[in-house]
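Colleague: Dumping the structure here so I can ask a few things about it.
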Amino acid sequence: DQDFKWVRDFLILHYHATERDDTEFWKHCRSMEIPDSLRETVELFRDSARITPTAEELFKTVSWAQVMIGQRIQPRRYPPVIDRLKDAELKTFINHVEEVIRSCVAVVPPQEAFIARHCKAPPP
C-alpha cells in the first residue's frame, strides 16, 4: 500500500537522520538500512534541493524540507530551475518569501506566551 510507504519513509527519516548517538537505540537508528524510496528522496534533496512528492502523498514538500533541514541534511546546491529565472523574477520571488515570513512573525506570539497559553503545566 503506497500510503503506508509514504508514512513509513517520513517517519524513518526522523530517526535515521538524527545526530544522536548516546544510546544503542539511536546508534541503531543512524546506521539502519533505509528503504530505497527514502534514500532516493534524501539524495535528490542533497543533490539539488528538490523534493518530488505526489499529489496524493500525505506529507507535502514543505514537511519533507523542514524535517531534512532540521536534521541538518543540507542541499549541496540550489534547484537547477532557478538558473532559468531572470534576476527580476528571482528578486520578486525572494521579496514575496520575505513578506510571507514577516507577516507570519507579526502574528505569532513569543514562545513564552505560547507555552503559557497552550502548554502550561497545572500548579502542583
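The values are calculated or read from the model by the stated rules, or taken from the named source; none is laboratory data. Nothing here was measured: the structure is a model prediction, and the numbers come from that model. Note that each Cβ is placed from the backbone with ideal geometry, even for glycine, and that neighbours are counted across all protein chains shown.
Colleague: Let me confirm something: among Glu57, Glu33, which residue is acidic (Asp, Glu) and either in contact with a helix residue (DSSP H, G or I) (Cβ under 6 Å, 6 or more places away or on another chain) or not in a loop (DSSP other than H, G, I, E, B) (or both)?
Modeller: Result of the check over Glu57, Glu33: Glu57.
Colleague: I would also like to ask the following. Using beta carbons and a limit of 9 Å, which pairs, at least six apart or on different chains, have the first residue in region 85-101 and outside the structural domain of Val62 (by TED's automatic domain parsing) and free of Cβ contacts under 8 Å to residues at least 12 places away in the same chain and the second one among the charged types (D, E, K, R) and surrounded by fewer than 10 Cβ atoms within 10 Å (Cβ to Cβ)?
Modeller: Once the first residue is outside the structural domain of Val62 (by TED's automatic domain parsing) and free of Cβ contacts under 8 Å to residues at least 12 places away in the same chain and sits in region 85-101, no partner that is among the charged types (D, E, K, R) and surrounded by fewer than 10 Cβ atoms within 10 Å (Cβ to Cβ) comes close enough.
Colleague: Still on this structure: For residues that are among the basic types (Lys, Arg) and in contact with a helix residue (DSSP H, G or I) (Cβ under 6 Å, 6 or more places away or on another chain), tally how many sit in region 10-30.
Modeller: Here the count works out to 1.
Colleague: Still on this structure, please answer the following. Could you give every pair whose Cβ atoms fall below 8 Å, whose first residue belongs to region 41-53 and is at pLDDT 95 or above, and whose second residue is of a type in the set (Phe, Trp, Tyr) and in a loop (DSSP other than H, G, I, E, B), counting only separations of at least 6 or pairs across chains?
Modeller: none
Colleague: Any idea which of Val67, Val62 is surrounded by fewer than 11 Cβ atoms within 10 Å (Cβ to Cβ) and either assigned to a helix (DSSP H, G or I) or basic (Lys, Arg) (or both)?
Modeller: Among Val67, Val62, only Val62 is surrounded by fewer than 11 Cβ atoms within 10 Å (Cβ to Cβ) and either assigned to a helix (DSSP H, G or I) or basic (Lys, Arg) (or both).
Colleague: Name the residue, out of Pro79, Pro53, that is surrounded by 10 or more Cβ atoms within 10 Å (Cβ to Cβ), out of contact with any Gly (no Cβ under 8 Å at 6 or more places or on another chain) and over 24 Å from Asp1 (Cα atoms).
Modeller: Pro79
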